[in-house]
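The values are calculated or read from the model by the stated rules, or taken from the named source; none is laboratory data. Not measured: the values here are computed from a predicted model. Because the Cβ atoms are built from the backbone with ideal geometry, glycine has one as well, and the counts that use them run over all protein chains shown. Accessible surface areas use protein heavy atoms only, side chains included; no ligands, DNA or RNA. Shrake-Rupley method; radii C 1.70, N 1.55, O 1.52, S 1.80 Å.
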Amino acid sequence: MSVTAIATATPSAIGSFRTRRSTNGVSRFKMSVRSGSVSMAAAPMLTKLQQDCATPLPVLRNVAASMSDDIRAGLAVDGGSDLKMILSYVDSLPTGDEKGLFYALDLGGTNFRVLRVELGGKDKRVIAIESDQVSIPQELMSATSEELFDFIASALANFAHKDGNFPGKKGEIGFTFSFPVKQTSIDSGILIKWTKGFAVSGTAGKDVVACLNEAMDRKGIDMRVSALVNDTVATLAGARYWDDDVMVAVILGTGTNACYVERMDCIPKLQGEFSPSGKTIVNLEWGAFSKGLPLTVFDRDMDAASINPGEQANSSFNIFEKTISGMYLGEIARRALLHMAEEGSLFGKSMPEKLSMPFVLGPYLFRNPTIPNCCRTPDLSTMQQDGTEDLHTVGSVLYNVAGVESNLSSRKTVLEVCDTVVKRAARLAGAGIVGILQKIEKDTKDAIFGKRTVVAMDGGLYERYPQYRRYLKEAVAELLGPETSQNIVIEHSKDGSGIGAALLAATNSKYGRNL
């Protein structure tokens with residue numbers, strides 16, 4: 001729809017945006033103020049959305065208790081709950097004594113990162129970090145296993161040889177692999193399937209560590225993988241290196257996950273196979289959690305339209321992730337706004353075509369080539385930071401991203417929708433964190449809440465969305481109460497997964513193992 005057509009369709013808009021030509025021929029926007037108002041029919045729709053998304057304390061308590069119950073059921077037997085409760089085989093975490101040169105390889109999408117970390121022990125800690133990011137050519141995403149891993153090995157060799165800084169001994173790598181894997185040891189894991197647009201042949205059912213090690217052998221690289229981890233486990237390790245009180249790690253970005261340190265005698269499915277430390281990190285894969293969540297028609301419609309909709313009659317696939325993570329918050333808001341525009345004339349008589357495009361709105365700026373327009377999407381967070389009297393920033397985002405001309409009333413409604421969706425997401429995430437903490441507390445006989453305990457957070461959604469952070473912390477404080485919540489520190493661990501993988505390579509190479 002053209003700008004002219006939109007302007008004609010909304011004669012009553014206040015503060016609408018019109019284009020004009022600058023002297024250099026580039027289109028610019030100017031604000032024009034006119035009288036009028038939108039239909040009040042959208043008001044009850046907003047009220048309904050707020051009611052369906054409400055997260056009062058009883059709802060949060062139920063979610064936290066259900067999370068604890070699902071954790072126990074998943075630890076008892078594989079398939080015992082929605083939570084996979086995957087054993088990481090990480091039974092030693094960094095102590096600060098680690099010394100030497102170690103590498104990390106982070107493969108989780110169309111780009112992968114390589115890092116070199118020089119460790120100097122307790123006195124010097126991290127002496128230096130170098131990193132590089134490599135884009136995977138589109139054709140390799142559907143190539144053979146050998147072709148993909150040979151490309152990765154070549155990039156790793158180029159990085160390792162940079163500035164002649166190749167290790168004199170066999171290089172140790174921490175391999176962060178963010179695809180579905182059935183891990184069989186600290187340095188081996190069988191690929192279940194490729195996701196995120198990858199369709200590489202000859203890898204499913206094989207050990208991904210062996211695939212990389214073989215590729216490095218073919219390229220003549222004297223390196224090996226000593227630790228295979230996912231990004232959440234690596235984040236916990238990276239945070240624990242600086243703070244011994246870290247017990248939980250949570251990723252809140254495009255996707256979401258959580259892990260924590262568990263006593264092995266609390267994992268019945270281990271059947272007595274304990275390590276010397278008696279502890280290990282367990283990966284929840286908590287995106288699959290589904291109990292007690294307040295859902296709207298927009299959640300259900302989005303789930304039904306997704307590539308992995310509910311596989312059971314009464315249970316949707318990864319519905320917790322679709323409710324709390326960055327990939328979906330903007331889409332939930334878009335669906336609610338589209339409904340209000342169609343049924344409640346939120347934006348007057350016009351019906352902007354762009355607003356009908358899935359994922360045209362996003363909660364923060366993230367890059368995902370499989371989602372249309374998201375690389376150009378101004379974020380929901382930007383709109384919620386708008387402090388101007390006429391909500392000019394909100395109007396700009398609506399116009400530039402969704403082709404919507406708006407007045408002050410409709411912009412206020414848009415902010416209410418954004419806040420409603422984000423508040424529910426953050427408070428549910430907070431309840432999930434409390435569920436993990438309560439499970440640990442019960443099994444360790446008051447060893448968590450009575451002392452300082454740190455939850456390490458990473459991910460763009462948590463980092464870039466102030467309201468999300470605030471709502472999450474408020475929910476944790478409400479659930480735990482003022483006295484206990486003072487002992488729980490929720491701390492941002494920026495890029496902890498990168499250094500964490502290298503540190504796990506160190507702890508599983510030649511250094512002591514003490515959780």
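Structure notes:
- Test for residue 430: is it assigned to a helix (DSSP H, G or I) and under 30 Å from residue 267 (Cα atoms): yes
- Restricting region 113-124 to residues that are out of contact with any Lys or Arg (no Cβ under 7 Å at 6 or more places or on another chain) and at pLDDT 90 or above, the residue that is most open to solvent (accessible area, probe 1.4 Å): 118
- Beta carbons closer than 8 Å, at least 6 apart along the sequence or on distinct chains, pair a first residue in region 343-357 that is more than 19 Å from residue 49 (Cβ to Cβ) with a second that is among the charged types (D, E, K, R) and in a helix (DSSP H, G or I) for 351/342.
- Qualifying residues in region 40-67 (those that are hydrophobic (A, V, I, L, M, F, W, C) and more than 26 Å from the chain's Cα centre (by Cα)) - the one surrounded by the most Cβ atoms within 10 Å (Cβ to Cβ): 42
- Selection within region 346-383 - modelled with pLDDT of 75 or more and open to solvent by 30 Å² or more (accessible area, probe 1.4 Å): 349, 351, 353, 354, 356, 357, 358, 359, 382
- When residues in region 476-494 are screened for being in contact (Cβ under 8 Å) with a residue 60 or more places away in the chain and either part of a loop (DSSP other than H, G, I, E, B) or surrounded by fewer than 21 Cβ atoms within 10 Å (Cβ to Cβ) (or both), 4 of them pass.
- Region 156-179 residues that are within 22 Å of residue 93 (Cα to Cα) and open to solvent by 70 Å² or more (accessible area, probe 1.4 Å), paired with ones that are of a type outside the set (Asp, Glu) and modelled with pLDDT of 85 or more (beta carbon under 7 Å, 6 or more apart): 170/223; 170/224
- With respect to the conditions (1) part of a loop (DSSP other than H, G, I, E, B); (2) open to solvent by 60 Å² or more (accessible area, probe 1.4 Å), residue 339 lacks only one, and its number is (1).
- In region 405-421, residue farthest from residue 475 (Cα to Cα) [restricted to those that are under 26 Å from the mean Cα position of the chain (by Cα) and open to solvent by 10 Å² or more (accessible area, probe 1.4 Å)]: 415
- Single unsatisfied condition, residue 386 versus (1) closer than 30 Å to residue 59 by Cβ; (2) at pLDDT 90 or above; (3) part of a helix (DSSP H, G or I): (3)
- Subset of region 264-314 (residues that are acidic (Asp, Glu), modelled with pLDDT of 90 or more and surrounded by 13 or more Cβ atoms within 10 Å (Cβ to Cβ)): 285, 299, 301
- Scanning region 318-333 for residues that are of a type outside the set (Val, Ile, Thr) and open to solvent by less than 10 Å² (accessible area, probe 1.4 Å) yields a total of 8.
- When 470, 464, 424 are checked against the criterion of being out of contact with any Asp or Glu (no Cβ under 6 Å at 6 or more places or on another chain), of a type outside the set (A, V, I, L, M) and open to solvent by less than 40 Å² (accessible area, probe 1.4 Å), a single residue qualifies: 424.
- Residue within region 443-455 that is within 23 Å of residue 496 (Cα to Cα), at pLDDT 95 or above, of a type in the set (A, V, I, L, M, F, W, C) and touching a Gly at 6+ places or on another chain (Cβ under 9 Å) present: no
- Every pair of residues 6+ apart whose Cβ atoms lie under 9 Å, when the first sits in region 46-67 and is modelled with pLDDT under 95 and among the acidic types (Asp, Glu) while the second is in a helix (DSSP H, G or I) and crowded, with 20+ Cβ neighbours inside 10 Å: none
- Residues in region 438-461 that are crowded, with 24+ Cβ neighbours inside 10 Å and part of a helix (DSSP H, G or I): 1 in all.
- When region 388-404 is limited to residues that are hydroxyl-bearing (Ser, Thr, Tyr) and without any contact (Cβ under 8 Å) to a residue 12 or more places away in the chain, the one that is surrounded by the most Cβ atoms within 10 Å (Cβ to Cβ) turns out to be 393.
- Which listed residue, of 235, 203, is touching a residue at least 40 places away in the same chain (Cβ under 8 Å), in a helix (DSSP H, G or I) and open to solvent by less than 60 Å² (accessible area, probe 1.4 Å): 235
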